[in-house]
Amino acid sequence: MNDHRRTGRQLQQLTIGWNIAEVFVTVGLGIAAGSLALVAFGLDSLIEVFASVVVLWHMAPADHEQRTRDDRARRLVAVAFALLAGYLMIASVRALWTQAEPDSSPIGIAYLAVTAVVMFALARAKNRVGRQLGSEPFVAEARLTFLDGCLATAILVALTLNTAFGWWWADPLAAIVVGVVAAREALELSELR
């Protein structure tokens, strides 16, 4: 069990480190290209950092009842999902309304391809460790990491479509789909007892 806990902490720390770097890289690339999706992706990384910090807190030894701690951690991860959903919906509708057309960002496309691979690998490892630990909050946070990989993939496809065909609207539409999935996850987690 101690090996699983140590691995779990390392996975969360890796997620935090990657996402902190991601905030600066993708926001910088997004500002340079005028891409709302890249900026939004960078801000989404802050939510992933929050969720990972919650799970690390949850893994720390506690004096009070574990079930109460599980519920609190799960609700905090649900809040992270809800914040992500709300932000994506607002930013996407705004981008569609204003018809904001981002420039091409080859570096952003390459970075998102790497990020998608990293997030999917982290999500898989976190899901496995969370199940081994029997930790609902850990498994829920693994779903957030998976969703981050989906968001990276969706924005990667959207940026590629914009670069190849000038389909500027693919970017906010992809973000809306991910926002709907995030909202559903937030509702599911908040309804669990």
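The values are calculated or read from the model by the stated rules, or taken from the named source; none is laboratory data. Remember, predicted model here, so these are calculated numbers, not experimental data. Heads up, the Cβs are rebuilt from the backbone with ideal geometry, glycines too, and the neighbour counts pull from every protein chain shown.
Observations on the model:
- When Val54, Val25 are checked against the criterion of being modelled with pLDDT of 85 or more and either surrounded by 23 or more Cβ atoms within 10 Å (Cβ to Cβ) or out of contact with any Cys (no Cβ under 8 Å at 6 or more places or on another chain) (or both), Val25 stands alone in meeting it.
- Summed over the range 126-138, residues that are modelled with pLDDT of 90 or more and surrounded by fewer than 23 Cβ atoms within 10 Å (Cβ to Cβ) total 5.
- Residues in the range 135-193 that are under 14 Å from Ala78 (Cβ atoms) and of a type in the set (Asp, Glu) were compared, and the one that is farthest from the chain's Cα centre (by Cα) is Glu191.
- Residues of the range 158-180 classified as touching a helix residue (DSSP H, G or I) at 6+ places or on another chain (Cβ under 6 Å), among the aliphatic types (A, V, I, L, M) and modelled with pLDDT under 90, total: 7
- Condition met for Val129 (closer than 30 Å to Arg9 by Cβ and of a type in the set (Val, Ile, Thr)): yes
- The residue that is nearest to Ile109 (Cα to Cα), counting only those in the range 134-193 that are without any contact (Cβ under 8 Å) to a residue 24 or more places away in the chain and of a type in the set (Val, Ile, Thr), is Val157.
- Residue selected from the range 94-125 under the condition among the polar types (S, T, N, Q) and part of a loop (DSSP other than H, G, I, E, B), by the criterion surrounded by the fewest Cβ atoms within 10 Å (Cβ to Cβ): Gln99
- The residue list Gly30, Gly8, Gly17 contains one member that is in contact (Cβ under 8 Å) with a residue 40 or more places away in the chain, assigned to a helix (DSSP H, G or I) and within 14 Å of Thr145 (Cα to Cα), which is Gly8.
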